[in-house]
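Reviewing the structure listed below.
The values are calculated or read from the model by the stated rules, or taken from the named source; none is laboratory data. Note that this is a predicted model, so its numbers are computed, not measured. When the accessible area is computed, the model is the full protein with side chains, heavy atoms only, and any ligands, DNA or RNA have been set aside. Shrake-Rupley method; radii C 1.70, N 1.55, O 1.52, S 1.80 Å.
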Amino acid sequence: MRIIQYPHPTLRHVSKPLRRVDAELRGIVQEMLALMYAAQGIGLAANQVDLPYRMFVLNVTGEASQSEAEMVFLNPVITARKGMEEAEEGCLSLPGVFGQVKRPDKISVTFYDLEGQARDLELSGLAARAVQHEVDHLDGTLFIDRLTPTGRLEIKQSLDEFEIQFAGQRTRGELPGDADIAARLAELERLRT
Ligand code: ZN
């Protein structure tokens, strides 16, 4: 498992709800948490590790030692949004790229936890922002899609560099083609969603 980077097509995939929790899924979650901490992130969505599931992990402290703050969101749905606030965001699939994003600053979210229990949370501040950023991932949306035209212009050169790097990896045969990626995602969905 590894974190994929922009413009990998799985980052644009609309993920499907999971049908069940099992040992394999718990293993996937542990791997995702380890990758998130290693990359010094606070959240990581399944499609950022090339998996087509509606699931993400979160620890707003970013510290593996503070495991009590770890959360796993399965099939999350944001049910209410209030207020609006602008803050800087980044993304583990776009390392080094940052931009100001406006989002509601209070949300309600329903989801299932790793025990398969239905949960309901009201969040504000960084947690609300992070959950919205991760739910966006599950819909194939990246924070760069939510920048102002000026903000977008500021990061254009960085995006171009990511695109050149990705094209190079493809040319060298280090990454599968779009059709192979889509076929693999479809097979994984068939097994688990
Ligand atoms: Zn992200």
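General remarks:
- The phi-based Karplus calculation (6.51 cos²θ - 1.76 cosθ + 1.60; θ = phi - 60°) puts the 3J(HN,Hα) values of segment 5-14 at 10, 3, x, 3, x, 5, 5, 9, 6, 8 Hz, whole numbers, x for Gly and Pro.
- For segment 59-75, backbone phi angles converted through the Karplus equation (6.51, -1.76, 1.60; θ = phi - 60°) give residue-by-residue couplings of 8, 5, 7, x, 10, 4, 5, 9, 5, 5, 8, 5, 9, 10, 10, 9, 6 Hz, Gly and Pro being listed as x.
- The value of relative contact order for segment 1-127, using C-alpha pairs under 8 Å at least six residues apart, is 22 percent.
- Entry comment: accessible area of segment 1-148 is 45 Å² per residue, from protein heavy atoms only and a probe of 1.4 Å.
- Percent accessible area from carbon and sulfur atoms, segment 1-65, protein chains only, probe 1.4 Å: 53
- Apportionment of accessible area to carbon and sulfur, segment 121-193, percent (1.4 Å): 53
- Computed from backbone phi with θ = phi - 60° and the Karplus coefficients 6.51, -1.76 and 1.60, the 3J(HN,Hα) list for segment 109-123 is 9, 10, 6, 10, 8, 5, 8, x, 8, 6, 10, 9, 10, 9, 10 Hz; x is used for glycine and proline.
- The accessible-area ordering, largest first, of the residues Ser65, Ser124, Ser158, Ser93 stands as Ser65, Ser124, Ser158, Ser93, per a 1.4 angstrom probe.
- The chain pair-distance distribution - Cα-Cα, 10 Å bins, rounded %: 9, 35, 38, 16, 2
- The ellipsoid that matches the Cα gyration tensor of segment 100-193 has semi-axes, each √(5λ) in whole angstrom, of 30, 25, 8, with the longest given first.
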